[in-house]
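The values are calculated or read from the model by the stated rules, or taken from the named source; none is laboratory data. Note that the structure is predicted; figures quoted are calculated from it, not measured. A quick note on method: Cβ atoms are made from the backbone with ideal geometry, for glycine too, and the neighbour counts reach across all protein chains shown. Accessible surface is based on the protein model in full, side chains and every heavy atom, while ligands, DNA and RNA are left aside. Shrake-Rupley method; radii C 1.70, N 1.55, O 1.52, S 1.80 Å.
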Amino acid sequence: MTKKNNVYQLSDLKESRERRRNASVLELSPVELVRKEYFELVIKTLLSALKCKDDYTWGHSLRVAYFCVSVGREMSLNEKELYELEVSALFHDIGKIGVPDAVLLKPSRLTDEEFLEMKLHPSKSFDILADYPVFHEMAINAKHHHERFDGRGYPDGLKGDNIPLFSRIILISDTFDAMTSTRPYRKGLPFEVAFAELREFAGTQFDPVIVEKFISCMTKEQQKNEETFSLQVIQGDFKKDAA
């Protein structure tokens, strides 16, 4: 908490209260709370590096985390599970820091060679996180977010329930954001069209049970007519619209 002219800033007080509330929900001791704060400082540092690399991928990662946490609540995950899922989603594309700009920022279709380079990013996400034991589960979840339910995904060709649950949730959220986001070269799809696409590939690309949970929760989110969302790890109100 900081002072300015010997007066605590309201934003600092609000953030401090929010941290204490989150710690209470997660049943953390004072020592664990300090560790959590350092843990989240590392997360924010890595995400800042991603933002410097590609602002769109940073925003995409925040929206994917929001989608994941929403469906996680629909699936009745507990608070600790939701926290791990949020961090995993925030980090799912951190490996794109290691993708050459010519590939990552290319405005047109990738060549076969460039696509192979892009396909390395989940493994690079794992490599960035794997040396830190505290990120072990998140690293695994990030590594496998492009595995397909039918076993035809990458990097390891995992199939069905052998794919980590959180990776399966991230894949659906990742794909949904890609479909519904407006980019300079194309307009985002309406939710209903994106829902139909998810259902079409349920059982092949996506876990069919999670697809239905995702559509249910995102229909409820859409009905709220809210323009912003918030996360637990990263403070702030973020726009749902990627435009």
#### Entry: The listed residue being on the phi > 0 side of the Ramachandran plot and not charged (D, E, K, R), out of Gly151, Gly98
Gly151
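How many residues does segment 202-242 contain that are in contact with a Pro (Cβ under 9 Å, 6 or more places away or on another chain) and open to solvent by 50 Å² or more (accessible area, probe 1.4 Å)?
Our first condition is that a residue be in contact with a Pro (Cβ under 9 Å, 6 or more places away or on another chain); within segment 202-242, this holds for 202.
Restricting the remaining residues to those that are open to solvent by 50 Å² or more (accessible area, probe 1.4 Å) gives none.
Looking only at that region, the number is 0.
Can you tell which of Asp54, Asp131 is within 20 Å of Lys239 (Cα to Cα) and either among the charged types (D, E, K, R) or surrounded by fewer than 24 Cβ atoms within 10 Å (Cβ to Cβ) (or both)?
Numbers: Asp131 fails: within 20 Å of Lys239 (Cα to Cα).
Just a single option satisfies the conditions, and that option is Asp54.
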### Tally of residues being of a type in the set (Ser, Thr, Tyr) and assigned to a strand (DSSP E or B) across segment 196-241
1
### Query
Among the residues of segment 132-179, which ones are in contact with a strand residue (DSSP E or B) (Cβ under 8 Å, 6 or more places away or on another chain) and within 25 Å of Lys80 (Cβ to Cβ)?
Arg168, Leu171, Ile172
### Query
Restricting the first residue to segment 61-72 and requiring it to be in contact (Cβ under 8 Å) with a residue 12 or more places away in the chain, which pairs with a second residue that is surrounded by 23 or more Cβ atoms within 10 Å (Cβ to Cβ) and not in a helix (DSSP H, G or I) meet a Cβ separation below 7 Å and a spacing of at least six or different chains?
Ser61/His92; Ser61/Asp93; Val64/His92
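Mind listing whichever residues of segment 94-123 are assigned to a loop (DSSP other than H, G, I, E, B) and within 21 Å of the chain's Cα centre (by Cα)?
Those that are assigned to a loop (DSSP other than H, G, I, E, B) and within 21 Å of the chain's Cα centre (by Cα): Val99, Leu105, Lys119, Leu120.
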### Summary
Gly151 fails exactly one of (1) buried (at least 20 other Cβ atoms within 10 Å of the Cβ); (2) touching a helix residue (DSSP H, G or I) at 6+ places or on another chain (Cβ under 8 Å); (3) within 18 Å of Gly203 (Cβ to Cβ), namely (1)
### Query
Does segment 73-93 hold any residues that are assigned to a loop (DSSP other than H, G, I, E, B), open to solvent by 20 Å² or more (accessible area, probe 1.4 Å) and in contact (Cβ under 8 Å) with a residue 60 or more places away in the chain, and which are they?
Met75
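Criterion first (modelled with pLDDT of 85 or more, farther than 21 Å from Asp131 by Cα, of a type in the set (A, V, I, L, M, F, W, C) and open to solvent by less than 70 Å² (accessible area, probe 1.4 Å)) does Leu46 satisfy it?
On the way: modelled with pLDDT of 85 or more: yes; farther than 21 Å from Asp131 by Cα: no; of a type in the set (A, V, I, L, M, F, W, C): yes; open to solvent by less than 70 Å² (accessible area, probe 1.4 Å): yes.
So Leu46 does not fit the description; no.
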